[in-house]
1. Can you list which of the trypsin sites (Lys or Arg not before Pro) found in the range 1-57 are DSSP loop residues with at most 10 other C-beta atoms within 10 Å?
2. If you average the alpha carbon positions of the range 1-57 and of the range 58-79, how far apart do those two centres end up, in angstrom?
3. If you average the sequence gap of Cα pairs under 8 Å that are 6 or more apart and divide by the length of the range 50-124, what percent do you get for the contact order?
4. If I model the chain as equal point scatterers sitting on the Cα atoms and use the Debye formula, what is log10 I(q)/I(0) at q = 0.07, 0.15, 0.17 Å⁻¹?
5. Quick one: among G146, G135, G198, which has the greatest mean-square fluctuation in a GNM of the chain with alpha-carbon springs under 10 angstrom?
6. Find the eigenvalues of the gyration tensor of the Cα atoms of the range 35-188, then list the square roots of 5 times those eigenvalues as equivalent ellipsoid semi-axes, largest first, in whole angstrom.
7. Output wanted: per-residue J couplings in Hz (rounded whole) for the range 260-268, from phi through Karplus 6.51 cos²θ - 1.76 cosθ + 1.60, θ = phi - 60°, x for Gly and Pro.
8. Just want to confirm a number: the relative contact order over the chain, from Cα pairs under 8 angstrom separated by 6+ residues, in percent.
Amino acid sequence: MKTAKPDVVGYYHEPTFSVAYLVIDPATRQAAIIDPVLDYDEKAGRVSTDFADMLLAEVEKRGLTVAWILDTHPHADHFSAAAYMREKLGAPTAIGAHVIDVQKLWKDFYNLPDFPADGSQWDRLFAEGDTFQIGELAGRVLFSPGHTLASITYVIGEAAFVHDTLFQPDFGTARADFPGGDAAELYRSIQAILSLPGDTRLFTGHDYRPGGRPVAFESTVDEQKRENIHLKDDPDEATYVKRRNERDGTLPMPKLILHALQVNIRGGRLPDPEDNGRVYLKIPIGVL
């Protein structure tokens, strides 16, 4: 039996090099939104919904009914718009069940003793092997830790949304040096993704456009095996881990990591206003 093929449309968020997706069942016009972005101007301390509103306009223009709003993990370089999209669309939100581990870690970093680190900020927490539907499209979940404690891959029909585990072949693979990251776990997650059928379409969460090339965010399992600059010589786990850790040691932290995690562990919600009516972000010193 031939695996169903979703229509996939990617939308590039230039300020953060991120890609959000509409995943559409052509038979029913039901859809999922994966990793929507909330705009944040760190210099002005301003949040806006321009990118998310563009996605909403696309949903309306295409005549879609959104069945799911899906996060692949709590992002370190942009704010999630999942809560905003839920407010506008009424569709349930979901993320991997190990988000609880990320919440517990960052709750301590931000000194949030009353923060509920139980995943209740989403409507559903997905575990390895869980399934879901988008119209007639069947989706399933692969637990893909390494980049973060909570990263998951969504396999929907013959497409897989691999978040920050794999990038385009000319940029390689994800870093593993964030709090809770682990290069050996990342290697094993990558191997699980590369065990999917060779023609599986892979959609990545970022594109950093090496050399200034045009934006690209789709590849296949076979292309990644053949061309990925970190994988094409088929390194064993120890070799990959050594290379990954050495490279990570040269990389600066994302400029928004301390801003973004306190929003994203809340499912894309800002902290509650304080007694003067203003919302404040906390920047812990010396935790990274």
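1. Values: sites: K2, R29, K43, R46; in loops: K2, R29, K43.
Within the range 1-57, the qualifying trypsin sites (Lys or Arg not before Pro) (loop, at most 10 other Cβ atoms within 10 Å) are K2, K43.
2. 5
3. Numbers: 68 pairs, mean separation 20.7, N = 75.
Relative contact order here is 28 percent.
4. -0.24, -1.18, -1.54
5. In this elastic network of the chain, the residue with the biggest mean-square fluctuation among G146, G135, G198 is G198.
6. Working: eigenvalues 111, 89, 57 Å².
Result for the range 35-188: semi-axes of 24, 21, 17 Å.
7. With the stated coefficients, the range 260-268 comes to 6, 4, 6, 7, 6, 6, 9, x, x Hz.
8. Working: 600 pairs, mean separation 50.8, N = 288.
Computed over the chain, the figure is 18 percent.
The values are calculated or read from the model by the stated rules, or taken from the named source; none is laboratory data. As the structure is a prediction and not an experimental result, all values here were calculated from the model. Glycine gets a Cβ as well: all are built from the backbone with ideal geometry, and neighbour counts include every protein chain shown. Accessible surface areas use protein heavy atoms only, side chains included; no ligands, DNA or RNA. Shrake-Rupley method; radii C 1.70, N 1.55, O 1.52, S 1.80 Å.
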